Structures are given as C-alpha cells and as structure tokens.
Amino acid sequence: MSQGTLLKNIISKNGLAHVMAAHSPLSARLVEEAGFDGIWASGFELSALYGLPDVSLVSMREHLEMVRAMAEQSSLPIIADVDTGFGNAINVIHAVKQYEHAGAAAVVIEDKTFPKVTSLLADGRQELLRVEEFQGKLRAAIATRSDPNFLIIARTEALIAGLGEKEALDRAAAYEAAGADLIVVHSKQKTPDEVESFVRAWNGKDGIVVIPTAYPQMNEARIKDLGKISVVIYGNHAVRASVTAMKDVFARILKDRGIHNVDKDIVSVEEIFRLQKMDQVKANEKEFLA
C-alpha cells in the first residue's frame, strides 16, 4: 500500500486525520509513538531548526533530505510542506517527482509568490499568484505524480493576505477545478470565526485542511461540528515544545550550577538509547560480530 493510499484510508475510516508537525527523524518517531495519524514535514520547523527565518531560505534539497530521513524512521504518512513548490510549474514537476520517490504521502503547495514570507508574521509581505498561474502549478503536479493516490493539496493564503472570504472561496473552487485533492485554508485571526465561516460557505467536493495555530480554540469537537474538514495539522508545536523544554532545562542548570536537580525531570539516557534502537545494534553485534 502506498503512503498516499494509507493517508486516504485514514481519512476515510476516521473522518478526520490528526497530523503533527516534525522537523527531524527523532521528532517523527515521537509523533508516531504519541498516536497521531500522520506527520507534517513543516518548512517552518525545519527553518527554525537551522536558525533561519521561514522565507524560502531552506532549499528543496535540505527539506527533501529531511522528509526522506523521517520516512525511513516512521511508518506514518508524511504530508510535505513544500511552500510554493520552490518556484514555478517546472520546479513543481521536479519537486513532486522527488517527494513521491522519497516516501511522502502528499505535498501541500501554497498560492504565494516565490520567495514566500511565513504566514503568521505580523505585517509580513503576503503576495499571491494569479489564479491561472497557480492552477498551472497544480495541473503540473497532478500530471507528474506516478501514484494517483499521492495527494496534491492546494493551500490558499487569501485570508492570510487579507483578501476576504469570497476571494478565498473563489480560489479554492478554482484549485479544486484544477484537480487538487484537498484544500488548505489558512488564517492568522486569533479566533476560529474566519475559518469556520469559510468552511460553512464551502460547497465544493474537496475536503478542507485546517492549521489552527493562531486560533487554538478550534479543537476536534468544533472541527467535527463543521463536517467538511478532513485533516487538522498541528503546524509548529514540535519545535515550540522543544524550545520551551530546552530553555527551561538550560536555565535551571545555570541557576542550580549543575545538573543535580534537573536530571530527574528529563528522560533518561536509556530512553534515548531506546529511541535510537540500540537494542537492535546489540543484537546485530551479538549475531554478526561474534
């Protein structure tokens, strides 16, 4: 079974797929152990891992290698955040070939111009492509995939750009007409109202994907009440949790002038060994190095 088929089956069976962001093979493995349905290979999180702003500075090759590494360490379907597709339709063709080959289940392509600026930045530059040009990107992606179940997910940033609900709905309808499998609608409003209004007004056949980073009140109960949402992505909580934990532990070590207090509150070295599958190394050494 292909990863795209697996993701589609999860959505069909559960009605809603819960997808958690990851930025490394280790975080991908933790996502799977926690019980999520899929992994969001987040461009924002990988940019943060490199200490870079999320403004198209991380290359396709860097992001692709991380997706490949995560796919090797987790059986969950991976939705790859490829931003604008790394350029025009020609770049998208190359990207789709590479991400499908790397083991992703889907790619999300957004309708911003390249290079992009991260969506939630206050007063950030948010420029959108012409609808017809973005439709061309989507058609190129669909024509390129070898597995018809490899999902091409279109993301409209019309609400992020302040263009209003009608523009967002019109763009979503155009992207569905171009063949997109799912539609991401994104918002930076602090409440779910804007997205909920969009979902209620949406009369297309494609399922909707939401990323409720800015409006955390949109929980599973509210999502299911709307009835049209297929995927919820928790878009940057892995890297934010990591930063929270590291800042706390580092500060405590300096305050205590040692690790004697904090050591009991963090995972053991043995737990890291488990995540690294050191038991398999020991078993292989016993069998093959004797």
| query | When segment 276-288 is examined, which residues are found to be basic (Lys, Arg), on the phi < 0 side of the Ramachandran plot and either surrounded by 11 or more Cβ atoms within 10 Å (Cβ to Cβ) or at pLDDT 95 or above (or both)? | reply | 282
| task | For residue 114, state whether it is aromatic (Phe, Trp, Tyr) and closer than 21 Å to residue 172 by Cβ. | result | yes
| request: Please specify each residue of segment 242-275 satisfying the condition of being surrounded by 11 or more Cβ atoms within 10 Å (Cβ to Cβ), of a type in the set (Asp, Glu) and over 29 Å from residue 44 (Cα atoms). | output: 256, 263
| query | Is it the case that some residue within segment 113-121 is within 19 Å of the chain's Cα centre (by Cα), buried (at least 24 other Cβ atoms within 10 Å of the Cβ) and of a type in the set (A, V, I, L, M)? | reply | no
| Mind checking which residues of segment 154-198 are of a type in the set (Val, Ile, Thr), more than 14 Å from residue 112 (Cα to Cα) and open to solvent by less than 40 Å² (accessible area, probe 1.4 Å)? | 183, 195
| remark: Of (1) open to solvent by 40 Å² or more (accessible area, probe 1.4 Å); (2) out of contact with any strand residue (DSSP E or B) (no Cβ under 6 Å at 6 or more places or on another chain), residue 214 satisfies every one except (1)
| task | For residues that are farther than 19 Å from residue 108 by Cα and either among the acidic types (Asp, Glu) or touching a Pro at 6+ places or on another chain (Cβ under 6 Å) (or both), tally how many sit in segment 30-59. | result | 2
| task | Answer yes if at least one residue in segment 56-68 is open to solvent by 10 Å² or more (accessible area, probe 1.4 Å), more than 16 Å from residue 233 (Cβ to Cβ) and more than 18 Å from the chain's Cα centre (by Cα), and no otherwise. | result | no
| Among (1) without any contact (Cβ under 8 Å) to a residue 60 or more places away in the chain; (2) on the phi < 0 side of the Ramachandran plot, the one test that residue 162 misses | (2)
| remark: Contact list, first residue from segment 1-24 and within 11 Å of residue 149 (Cβ to Cβ), second anywhere and open to solvent by 30 Å² or more (accessible area, probe 1.4 Å) and modelled with pLDDT under 95, beta-carbon distance below 8 Å, six or more apart or interchain, is 9/1
| segment 31-55 - residue that is under 15 Å from the mean Cα position of the chain (by Cα) and of a type in the set (A, V, I, L, M) and, of those, farthest from residue 85 (Cα to Cα) | 31
| query | Looking at segment 95-111, which of its residues are over 18 Å from residue 168 (Cα atoms) and either more than 13 Å from the chain's Cα centre (by Cα) or open to solvent by 10 Å² or more (accessible area, probe 1.4 Å) (or both)? | reply | 95, 96, 97, 98, 99, 100, 101, 102, 103
| task | Being closer than 16 Å to residue 86 by Cα and surrounded by fewer than 19 Cβ atoms within 10 Å (Cβ to Cβ) is the filter here, so list the residues in segment 122-141 that pass it. | result | 127, 133, 136, 139
| Could we say that residue 239 is over 18 Å from the mean Cα position of the chain (by Cα) and either under 19 Å from residue 31 (Cβ atoms) or surrounded by fewer than 11 Cβ atoms within 10 Å (Cβ to Cβ) (or both) here? | no
| request: Could you figure out which of (1) free of Cβ contacts under 8 Å to residues at least 40 places away in the same chain; (2) closer than 22 Å to residue 19 by Cβ; (3) of a type in the set (D, E, K, R); (4) open to solvent by 40 Å² or more (accessible area, probe 1.4 Å) isn't true of residue 145? | output: (1)
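The values are calculated or read from the model by the stated rules, or taken from the named source; none is laboratory data. A quick note: this is a predicted structure, and the numbers were derived from the prediction, not measured. Reconstructed Cβ throughout: ideal geometry from the backbone, glycine too, with neighbour counts over all protein chains shown. All accessible areas refer to the heavy atoms of the entire protein, side chains included, with ligands and DNA or RNA removed. Shrake-Rupley method; radii C 1.70, N 1.55, O 1.52, S 1.80 Å.
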